[in-house]
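The values are calculated or read from the model by the stated rules, or taken from the named source; none is laboratory data. From a predicted model like this one, the values you see are computed outputs, not experimental measurements. Glycine also receives a Cβ, built like all others from the backbone with ideal geometry; neighbour counts cover every protein chain displayed.
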């Protein structure tokens, strides 16, 4: 990764990208001074293509494509180690959330594709049942992701020990969750 | 103090024994809790990944229901629920614009003012009030416990407000109070991989493997946890972790409420210890605990 293109001239970024990410995340990205503490402490940095501090720098430069096509914010486990240690008090997990939402909106959801599929399956599940119906979550996720056998070896033990129910939870408030999700989408479109 | 109890989805499924042991222990210590009627899911990690507004509105719905019960606060046993409920209050206090949108999405006002406690905080208060005195039935001396805090109980500290984000002590205090011995180890606040269990399982096998290996190295007989997802990654996936790392682990993972329940004289069956993947009985016996 470089701030320069192959011909050696500096890449021009999208100046609105940094403003957009800061507004969505509600935290400052431009105050990052690249100390690298977030990357040093990140337990999943080994599985990322860009380090958290590199993502911050690319956001500052407005290099939107480079950031959004990265796997980093999908690999992030939201463990908050980075934000806890950031000397600039940047809410890095909120930045990762904003990047996930921006990437979803613009279709950058293929690398890796599992996390966005899991997130949308989870939220659909809440709209249907009000509470998490784990059997349906796993079933629908496995179908949508193509990982059909995922965790199926755990099912017999969990059923036997009463740790997973084949029946959905009964919540009268399930309609409320559907309404909340609908109203949230309307307000976000404004 | 009277609390509204927010069990969260896992306590009705994969963490059933956490619910059972929490209710038993709360009863013994005279902690008054009543379940929030018709509570809904807090949205957990997927909600904040998808939408900040949704991630604040779902917990706020539950906090409004709790307020109507006229209680002193909400108690949540799941670290993720606790984090989402507490974060909702924090975000609402932070931004009037967000508060306005949350109230519109809810269809009712909410000031972000219902206090949220983790079950451990409530237990610690009960210990401070001396409610454990004279109630210890089972001798746990000799039992070495690795207190595993994980992420969301202690981070970010501006929101959770526990004693120390890098070297917390409150779980170890409970361990000492019940006569067992907390071990010093390096992985008490390292991430287990959390919700990546579904999507990037190898990451969880690696991170949780490192935690289990360090607990083994520290000489602990058992790990104590206060989060259903941590429990599931460390216990339910431990056989997969053994295959992945090639290391024989066999370390039982107990909810802090189960350990407390044992000390209070309850049986392994009552506390749901038989629901674990790694059977804790042999390790407890090895430590000299009568179970």
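Worth pointing out:
- Residues of the stretch A:146-170 satisfying the condition of being within 9 Å of chain B (Cβ to nearest Cβ), surrounded by fewer than 17 Cβ atoms within 10 Å (Cβ to Cβ) and part of a helix (DSSP H, G or I): A:153, A:157
- Test for residue B:198: is it outside the structural domain of residue B:46 (by TED's automatic domain parsing), closer than 26 Å to residue B:291 by Cβ, modelled with pLDDT under 95 and touching a helix residue (DSSP H, G or I) at 6+ places or on another chain (Cβ under 9 Å): no
- Candidate set from the stretch A:11-26 (those that are in a helix (DSSP H, G or I) and more than 22 Å from residue B:91 (Cα to Cα)); member that is modelled with the lowest pLDDT: A:15
- Matching residues, the stretch B:279-291, being in a helix (DSSP H, G or I) and loosely packed, with under 15 Cβ neighbours inside 10 Å: B:281, B:282, B:285, B:286
- Identity of the residue in the stretch B:18-38, buried (at least 24 other Cβ atoms within 10 Å of the Cβ) and out of contact with any strand residue (DSSP E or B) (no Cβ under 7 Å at 6 or more places or on another chain), that ends up nearest to residue A:25 (Cα to Cα): B:22
- Meets criteria (within 11 Å of chain A (Cβ to nearest Cβ), touching a residue at least 12 places away in the same chain (Cβ under 8 Å), touching a strand residue (DSSP E or B) at 6+ places or on another chain (Cβ under 8 Å) and buried (at least 19 other Cβ atoms within 10 Å of the Cβ)) for residue B:62: yes
- Hits in the stretch B:169-190 - residues which are within 13 Å of chain A (Cβ to nearest Cβ) and over 14 Å from the mean Cα position of the chain (by Cα): B:186, B:187, B:190
- Test: residue B:179 is on the phi > 0 side of the Ramachandran plot and touching a strand residue (DSSP E or B) at 6+ places or on another chain (Cβ under 7 Å): no
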